Amino acid sequence: TRTYHHCCLAPSQGELVAGSSVGELMVFSADHRIYRAALPISSNGLLSLCSAGDFVFIGAGDGKVKKLQGNDQYWTIVGEAQVSGRVTSVCKRADGEEVVVGTDTGKMYSVRCEDMSLRLLQESNVSPIRGVAFGSRSDVFATVSNDGAVRVVDLSDYSVLANARGHCAATAVTFDGDDTVLTGWEDGAMRVLSAITGDNKGQIPKCHRGAVTCIAVGEDFIFTGGEDGAMRAWSRRNYEFVAQYAEHSKTVTGLLVDNVHANLVHSCSVDRAVVTYDLKTTRRSNYKMHRDGAFTGMCQRIDSEQELLTATSDGFIMSWDCDVQLPVMALDCGRRLKFLCIAISSGGRFVAVGCEDNAVRIWDIIAMEVVAVCRGHSGDITQLAWSPDEKQLVSVGLDAAVCVWNFYLAGGPPEN
């Protein structure tokens, strides 16, 4: 018994060719509906094929694209090309000069029919994505994923400008300037990569015990939070250890440098605490607790009293004033939903939240109402990032999807 993955009509009239799971090209007479030949082509299955001109192009499980010519029992391999991953799709371009090839590693190639030359058209994630971040440019963002892939993407055409790959899951990402990407990893390391080439520029091997979950950049220091509940400060110049704050008992889920006071750093955690650290005194300066749900993310307003905004596992956006122990505002979506992550727009008026129903909801925090519900994910949303010009919002998730949302409501910073 054979399993067939794909079939098409051969260039010679009256013949049908099919690819089998054992790597055979099966030839049938379409006119007489009889089997004609079985030709071994690949050792790892023929997963896709198409006819273009006088040739049949085969996509195999060993990553090879083969160009065949012939008919009936007589076929010859006249060219081949090697791509990354199993070839799961082959189709002819409209002009017949090239075939487009897709692989299970998320890459798409164009192959010239004449000489089998390759060019990479596009690549995408095939593993759950853990983080996304913008730098100062609105047309470039970076993502990290469970398969250790780090990608810097051009938002204008979705091409990959730079990429790198580690030996374990990448868990956090942020930009340090426009030419450097800081990444956190499951093995507790922080690695510094070039945003232009993807090359390694440095690393801190044992940044945390367990995964690095958050990274924030200040004027002179880089701050990291981890699964071990610690917040650590590192020299931005040479990545040397500066200080440690162990105020949390569980995973740190949010970390940021204060918008106004560069000596203040804020963190939140699954342990239901929000902590503010004063770098001048090297001590905790503020501590707040939420009784009912864990904190899953944090951002800070740029208007009003510069309050901290947190997303919670019990479905609230909470606003925290440094002078008040209890939250000064709480927003929900009218349903009991877990909030998974949060991000505020550069103008400070709009807050996006990833919810457990796989939707992104956007609040106008001045009007205190939901202005958009964005549905595109099929799994948990892990992180959100606004472009600096507020025209796009990017969401990533465990479904390996990167969703880019165009946003038309931004009209500048809110009035105080």
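Yes/no per residue for (1) open to solvent by 80 Å² or more (accessible area, probe 1.4 Å); (2) at pLDDT below 95:
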{"residue": "85", "(1), (2)": "no, yes"}
{"residue": "106", "(1), (2)": "no, yes"}
{"residue": "120", "(1), (2)": "yes, yes"}
{"residue": "125", "(1), (2)": "no, yes"}
{"residue": "133", "(1), (2)": "no, no"}
{"residue": "152", "(1), (2)": "no, no"}
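So that you can scan it fast, the table gives a plain yes or no per residue for (1) among the aliphatic types (A, V, I, L, M); (2) in contact with an Asp or Glu (Cβ under 6 Å, 6 or more places away or on another chain); (3) crowded, with 18+ Cβ neighbours inside 10 Å; (4) without any contact (Cβ under 8 Å) to a residue 24 or more places away in the chain:
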| site | (1), (2), (3), (4) |
| --- | --- |
| 232 | no, no, yes, no |
| 240 | no, no, no, yes |
| 264 | yes, yes, yes, yes |
| 273 | yes, no, yes, no |
| 276 | no, no, yes, no |
| 282 | no, no, no, no |
| 289 | yes, no, no, yes |
| 318 | yes, no, yes, no |
**OP:** Among the numbered conditions (1) part of a strand (DSSP E or B); (2) over 24 Å from residue 153 (Cα atoms), tell me where residue 396 comes up short.
**Re:** (2)
**OP:** Look at residue 213 and say whether it is open to solvent by 30 Å² or more (accessible area, probe 1.4 Å), under 21 Å from residue 384 (Cα atoms) and not hydrophobic (A, V, I, L, M, F, W, C).
**Re:** yes
Original post:
Among the strands (runs of 3 or more DSSP E) contained in the range 283-322, which hold 3 or more residues that are closer than 14 Å to residue 341 by Cβ?
Top reply: 295-300, 308-312
Subject >> In the range 11-36, the residues that are part of a loop (DSSP other than H, G, I, E, B) and either open to solvent by 10 Å² or more (accessible area, probe 1.4 Å) or under 21 Å from residue 112 (Cβ atoms) (or both) >> reply: 11, 12, 13, 14, 21, 22, 30, 31, 32, 33
Original post:
Scanning the range 37-78 for residues that are among the charged types (D, E, K, R) and not in a strand (DSSP E or B), which turns out nearest to residue 27 (Cα to Cα)?
Top reply: 72
Original post:
Does residue 157 count as within 23 Å of residue 45 (Cβ to Cβ), without any contact (Cβ under 8 Å) to a residue 40 or more places away in the chain and part of a loop (DSSP other than H, G, I, E, B)?
Top reply: no
Original post:
Name the residues in the range 130-149 that are outside any strand (DSSP E or B), over 21 Å from residue 167 (Cα atoms) and not acidic (Asp, Glu), would you?
Top reply: 135, 136, 137, 138
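The values are calculated or read from the model by the stated rules, or taken from the named source; none is laboratory data. Bear in mind that the values here come from a model prediction, so they are computed numbers and not experimental data. Reconstructed Cβ throughout: ideal geometry from the backbone, glycine too, with neighbour counts over all protein chains shown. Just so you know, the surface numbers come from the protein's heavy atoms only, side chains and all, with ligands and any DNA or RNA stripped out. Shrake-Rupley method; radii C 1.70, N 1.55, O 1.52, S 1.80 Å.
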